[in-house]
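Below is one structure, written out as structure tokens; the observations come after it.
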Amino acid sequence: MQVFSNTGHSFPKTLDEFKNLFLEENISLEFLFQKRWPQGFVCPYCAWQNEELRPAKTMICSHCGHPTSISTNTIMHGTKKPLSQWLICIWWLTSSPGGKSAKDLQRLLHLSSYQTAWAWLQKLRMAMALADKKKCSKTVEISSNTISFGGENLAKTPILAAAEIILPAGITGRIKMASVESVNRKTVNSFLNRKVEPGSSLIVPDEVSYQNINRNSFISVASSTIYKTREITESFKLWINTIHRGGVAAKHLQLYLDEFCFHSNAAMLPDREAIFNLLLSGALSKKSLSYKNLTSQPTKE
Ligand SMILES: [Zn+2]
């Protein structure tokens, strides 16, 4: 039997089974402590390691004296809600590849505030981006598409997409997408730098924006007919319009792209427990300040 981390149980198949494992707050605390500091407590302020320090609501570093909680400097930083609610949310988000809305989460956790549910989902989308860091490699197709938003903003926002093409079957492997102001030499090269491993072979559209790619970074750059990335960006448009019904603001688009890519890439993992652990690793990794403005203003979904 595969054991679910330090709980001594196999990975829960249902939400009720999962909830029953984390009925007491100290169990959630010990579980998260083991996940965050498997080799023993490391102070987030001074990096001092103290293997003797046990899980507690507030832990005091014996070196610098700073008080720390399990959520300090993670995407859960400053949370006042029970830790079990975060774990339930992570289980629920990784229980199926379909996206979830803030209203669904509000119902799941019986939250009185829509804003809290919305902010939690934005933070967990950020955790997905932090966890899903591995770049596309080997044979990679890239292209662009546009997405338009309803309501006041009818402007089309460009998206760049990359997809590994697994040869010889031609099936899609890892995918990456980014929202950009425009598609040009600079944004294409920046996207490739962030999302595609050097040494890959690129397949690009026969368009001017792709004619000045930094060729030293890649084995080959071939212009060809684009098909996989076009399918992916069209699937994303359908997905976001079905779940969020046009309630997404253009300024938040990147987080939804990150969520879509996370689910697609996580589907290559061997089981549900691995997907849960991947998202949990993102939730416990150091938060990225660049996302702060993306999580500050709710929109109605
Ligand atoms: Zn310290």
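The values are calculated or read from the model by the stated rules, or taken from the named source; none is laboratory data. As the structure is a prediction and not an experimental result, all values here were calculated from the model. With ideal geometry, Cβ positions are generated from the backbone for all residues, glycine too; neighbour counts draw on all protein chains shown.
Here are some notes:
- For the criterion of being within 16 Å of the ligand (Cβ to nearest atom) and surrounded by fewer than 16 Cβ atoms within 10 Å (Cβ to Cβ), Ser62 passes.
- Among the residues listed as Pro44, Pro97, the single one being within 16 Å of the ligand (Cβ to nearest atom), modelled with pLDDT under 95, assigned to a loop (DSSP other than H, G, I, E, B) and not assigned by TED's automatic domain parsing to the domain that holds Trp239: Pro44
- Screening Trp120 on (1) surrounded by 15 or more Cβ atoms within 10 Å (Cβ to Cβ); (2) within 16 Å of the ligand (Cβ to nearest atom) shows it passes everything except condition (2).
- Selection status of Ala250, modelled with pLDDT under 90 and touching a strand residue (DSSP E or B) at 6+ places or on another chain (Cβ under 9 Å): yes
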